[in-house]
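Throughout, read-outs are computed from the coordinates displayed, never taken from laboratory work. Note that this is a predicted model, so its numbers are computed, not measured. All Cβ positions, even for glycine, are placed from backbone atoms using ideal geometry, and neighbour counts span all protein chains on display.
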Amino acid sequence: MADTSARILTRRALARTEERVRTRALAKRRISGVVQYGVLVTLLMLMFVPLLLMLSMSLRRTTLIYANFWGLPIPPYFRNYAITLLDLWMPLVRTIWVYLMSTSTKLVTAALAAYAFARLHLWGREVLFYLFVLLVMMIPGVITLSPSYVLMTRLGLKGSLWGLAISYFSGQAFPVFLLTTFFQAQPAEMFEAARVDGASEWQSLWSIAMPVARPILVTIAIMNFMGVYDDLIWPSLMLKNTNKTMMLALMNYNPRVSEQINRPDLGPMTAGYVFGCIPPLILFIVGMRYYVAGLTSGAIKG
């Protein structure tokens, strides 16, 4: 009996010890989680401080900003956006026009090339794919600035929006790579059935491949928009001061308070920066579902 009681007491003591150890480990994990989330929330708040400050300044009069930099926009002053819209709507229209021209052509030609690489039985297609697609993707874009500038100048396209659109259209390697891997991941039986039913390669491309590839096409369109919209170096080399794109206009957007007071008009200036953030934000919100689906498309076969 004594041995049995001792064993029972020992087991109870061990159980209590294990329970204390588990409780301490759980408390440590909770404290660690709270600290980690606290650090992440702090960093997130610090990241949003410049954005919130920019938004606040865009809704205040410039005189109030100079008087109290950290003040709140009460009441909001929307005339800054009216001034900005008058100054920046034409650069925005030019940027959207260049984007539409380059992207529409890029999507069509990239789809044609990708379908040929993925579904047509051509001699040497793998060599061509690795040589002209993957190899071109490895070349940094900065290296091509000088030869591209010389080429556009000799073709007489320097200084025109058409030349800028054509130069953006020429960057085809990454869209072709994305679409090729996507088309290769689709079931071959689907295209074989279309051929058995008498469909030509053109019909298979436009009726089967293109509708299925909608997420990839939207992904390419969004990525191309960010490349065109955010580009500063190439438009500054290609365009004149009268044909500024959005980033060029924002870089040089420096309104003054008045002719007598030679100080930056911070209200309209920050309103211009907010205005410049709106188009990519709208595009990403509208196409976010397709963008995520396009990035994951073709990752798993079957």
Looking only at aspartates and glutamates whose Cα falls under 20 Å of LYS158's and that sit 8 or more positions away or on another chain, we get ASP230, ASP231
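Counting other C-beta atoms within 10 Å, and keeping those with at most 13, which DSSP coil chymotrypsin sites (Phe, Trp or Tyr not before Pro) do you find in the stretch 113-184? Let's see the in-between values first.
Details: sites: TYR115, PHE117, TRP123, PHE129, TYR130, PHE132, TYR149, TRP162, TYR168, PHE169, PHE177, PHE182, PHE183; in loops: TRP123.
Of the chymotrypsin sites (Phe, Trp or Tyr not before Pro), the ones in loops of the stretch 113-184 whose Cβ has at most 13 other Cβ atoms within 10 Å are TRP123.
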Using modelled amide H (1.01 Å from N, peptide plane; none on Pro or chain starts), what sits under 5 Å from the amide H of ARG256, excluding residues fewer than 5 places away?
-> ASP265
Rounded to one decimal in nm, the spacing of the 7 Å Cα→Cβ label points at TYR273 and LEU128 is 4.9 nm
Quick one: grab Rg to one decimal and Dmax as a whole number for the chain, Cα atoms only, in Å.
-> 29.3, 105
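What is the sum of charges, Lys and Arg at +1 and Asp and Glu at -1, for the other residues whose Cβ falls under 14 Å from the Cβ of PRO280? Could the numbers behind the result be given before it?
On the way: positive: none; negative: ASP230, ASP231.
Neighbourhood net charge equals -2.
Calculated from DSSP H runs of 4 or more alone, at -39500 (n - 2.57) each and per residue, what is the 222 nm mean residue ellipticity of the chain, nearest 500? Don't skip to the answer; put the middle values down first.
Working: 13 runs with 214 residues, N = 302.
Result for the chain: -23500 deg cm²/dmol, rounded to the nearest 500.
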